[in-house]
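The values are calculated or read from the model by the stated rules, or taken from the named source; none is laboratory data. Quantities reported herein were computed from a predicted structural model and do not represent experimental measurements. Cβ placement follows ideal geometry from the backbone for every residue including glycine, while neighbour counts extend to all protein chains displayed. We work out accessible area using only protein heavy atoms, side chains counted, and drop any ligands, DNA or RNA first. Shrake-Rupley method; radii C 1.70, N 1.55, O 1.52, S 1.80 Å.
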Amino acid sequence: LFGPPPAHSVLDMPTLVAEGPRAGPQLSDAPLLRALRGEETPRLPVWFMRQAGRSLPEYREVRRGAGLVEITHTPELAAEVTLQPVRRHGVDAAILFSDIVTPLEAIGVDVEIRPGVGPVIATPVRSAADLRRLRPFEPASDAPWLEETVRLVCAELRVPLIGFAGGPFTLASYLIEGGPSKVQARARALMLSDSPTWRALLERLADIALASLTAQVAAGAQAVQIFDSWVGSLSARHYDEHVLPVVKRLLDGLKALDVPRIYFGLGTGHLLESIGRAGPDAVGLDWRVPLREGRRRIPPGIALQGNLDPVACLGSGAVLEAEAAEVLAHAPSSGYVFNLGHGVLPETDPGLLTHLVELVHAHDARAEASS
Ligand code: CP3
């Protein structure tokens with residue numbers, strides 16, 4: 001009579017299966033997701049690009065025992081470092097611990113991430129024949145640890161997880177240059193002199209990003225960000241002609257995932273109209289473009305994210321407070337996510353980042369907007 005409570009009725013199962021591992025109703029209303037959909041939020045959501053990583057002593061501790069690639073390939077370690085900044089700072093999102101070149105490494109590209117340098121590719125891709133080395137990315141078999149990490153993270157998280165991928169131009173620039181470069185001269189020269197190879201390369205990279213993001217969302221990620229960090233080196237004309245169509249196709253393909261799609265690049269002040277036309281749900285701005293100007297030049301249906309200069313976190317608390325107040329004073333009252341204008345610098349005092357989260361959460365956007 002007083003036996004154990006009944007297990008879930010089989011009638012419940014179809015709903016459970018249909019919902020899969022995705023967010024329950026509580027998370028779909030999380031401030032980050034509301035803001036990315038353009039809605040008002042009870043408090044401003046905030047997270048930091050590159051929040052997991054070198055500024056955290058607990059990350060360095062994990063890193064002492066394992067290389068970056070080893071961490072990304074070990075779901076327990078990757079999940080742990082993904083969760084570290086959420087626990088410590090109380091940010092409104094986690095971002096998957098991985099790297100933009102991880103899918104390339106998973107399909108056999110000889111890429112090495114050198115500390116203090118960045119991704120280095122031993123055999124660069126510079127011709128149509130080289131494209132053969134870029135086969136399609138099949139996450140389930142090429143990178144089983146990817147979905148497993150996302151599942152582990154989502155089982156513990158109370159805020160959304162942002163999945164990410166490198167943008168086609170940014171990945172192409174690493175592949176063509178063979179490593180980091182200041183102005184991506186070789187990559188942009190190939191773009192002009194061999195546009196069929198260029199287009200084929202970017203299309204393949206977009207397909208790799210799509211496959212990776214699809215797997216991340218299927219496993220539980222609730223938003224995605226495309227880091228096209230280096231597009232700022234292109235003129236608007238070259239971006240429109242040689243990059244935008246591929247970015248647009250990628251963003252269109254991502255629509256089926258039904259999660260907000262953020263597009264970020266550095267130094268994109270001259271590209272904002274083009275990026276708006278690519279059709280993301282949100283645009284990440286670096287510190288060079290005032291939020292108010294961004295709001296004016298990006299269509300109203302697209303949310304904004306950014307854009308405190310990361311160096312504001314290298315000084316005193318007073319410097320940080322003054323710089324953050326300046327960003328917040330111009331923040332849109334809805335459809336806005338606070339972030340840095342680029343990644344957390346390794347030498348940042350993590351205590352200041354926690355303080356910054358408190359400042360942003362204490363900010364009353366509506367009061368500011370109506371004052
Ligand atoms: O917290 C997070 O944001 C999640 C993890 C993450 C990493 N890389 C881990 C990482 C993310 C989102 C990235 C994205 C990334 N990687 C970008 C786009 C963002 C940006 O900064 O513009 C780019 C261009 C890369 C390529 C890359 N990987 C660079 C330039 C570097 C730095 C090299 C260095 O040491 O200065 C890396 C290495 C890297 N990726 C580290 C981490 C934590 C540091 C290296 C380490 O721990 O050994």
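State the number of residues belonging to the range 304-321 that are buried (at least 19 other Cβ atoms within 10 Å of the Cβ) and of a type in the set (A, V, I, L, M, F, W, C).
5
What residue, among those in the range 45-65 that are assigned to a loop (DSSP other than H, G, I, E, B) and open to solvent by less than 10 Å² (accessible area, probe 1.4 Å), is nearest to the ligand (Cβ to nearest atom)? Break it down into steps so the answer makes sense when it comes.
The initial filter retains those residues of the range 45-65 that are assigned to a loop (DSSP other than H, G, I, E, B), namely 45, 47-56.
Subsequent filtering for residues that are open to solvent by less than 10 Å² (accessible area, probe 1.4 Å) retains 45, 47-49, 51, 53, 55-56.
On the way: PRO45: 16, TRP47: 9, PHE48: 7, MET49: 5, GLN51: 5, GLY53: 3, SER55: 9, LEU56: 9 Å.
Ranking the qualifying residues of the range 45-65, first place goes to GLY53.
I'd like the full set of residues that are open to solvent by 30 Å² or more (accessible area, probe 1.4 Å) and more than 26 Å from ALA35 (Cβ to Cβ), limited to the range 153-177.
Answer for the range 153-177, where residues must be open to solvent by 30 Å² or more (accessible area, probe 1.4 Å) and more than 26 Å from ALA35 (Cβ to Cβ): just GLU177.
Restricting attention to the range 82-106, report how many residues are more than 8 Å from the ligand (Cβ to nearest atom) and either open to solvent by 20 Å² or more (accessible area, probe 1.4 Å) or assigned to a helix (DSSP H, G or I) (or both).
Here is the first cut: in the range 82-106, the residues more than 8 Å from the ligand (Cβ to nearest atom) are 83-84, 86-94, 102-106.
So of that shortlist, the ones also either open to solvent by 20 Å² or more (accessible area, probe 1.4 Å) or assigned to a helix (DSSP H, G or I) (or both) come out as 83-84, 86-90, 102-106.
Final tally of qualifying residues: 12.
So which residues in the range 66-81 are within 9 Å of the ligand (Cβ to nearest atom) and buried (at least 16 other Cβ atoms within 10 Å of the Cβ), if there are any at all? Steps first, please.
Of all residues in the range 66-81, those within 9 Å of the ligand (Cβ to nearest atom) come to 67-68, 71-72, 81.
Across the range 66-81, the qualifying residues are LEU68, ILE71, THR72, VAL81.
Within the range 126-143, restricting attention to residues that are among the charged types (D, E, K, R) and part of a helix (DSSP H, G or I), which residue is nearest to the chain's Cα centre (by Cα)?
Checking each candidate, the answer is ASP142.
Within the range 189-204, how many residues are surrounded by 15 or more Cβ atoms within 10 Å (Cβ to Cβ) and out of contact with any His (no Cβ under 7 Å at 6 or more places or on another chain)?
Result for the range 189-204: 8.
Any idea which of (1) out of contact with any Leu (no Cβ under 9 Å at 6 or more places or on another chain); (2) buried (at least 20 other Cβ atoms within 10 Å of the Cβ) is the one GLN216 doesn't satisfy?
Going through (1) out of contact with any Leu (no Cβ under 9 Å at 6 or more places or on another chain); (2) buried (at least 20 other Cβ atoms within 10 Å of the Cβ) one by one, GLN216 breaks only (1).
Do the conditions hold for THR123, that is, is it part of a loop (DSSP other than H, G, I, E, B), hydroxyl-bearing (Ser, Thr, Tyr), open to solvent by less than 40 Å² (accessible area, probe 1.4 Å) and more than 16 Å from the ligand (Cβ to nearest atom)?
The answer is no for THR123.
Out of curiosity, is PRO115 more than 16 Å from the chain's Cα centre (by Cα), at pLDDT below 95, open to solvent by 50 Å² or more (accessible area, probe 1.4 Å) and more than 9 Å from the ligand (Cβ to nearest atom)?
no
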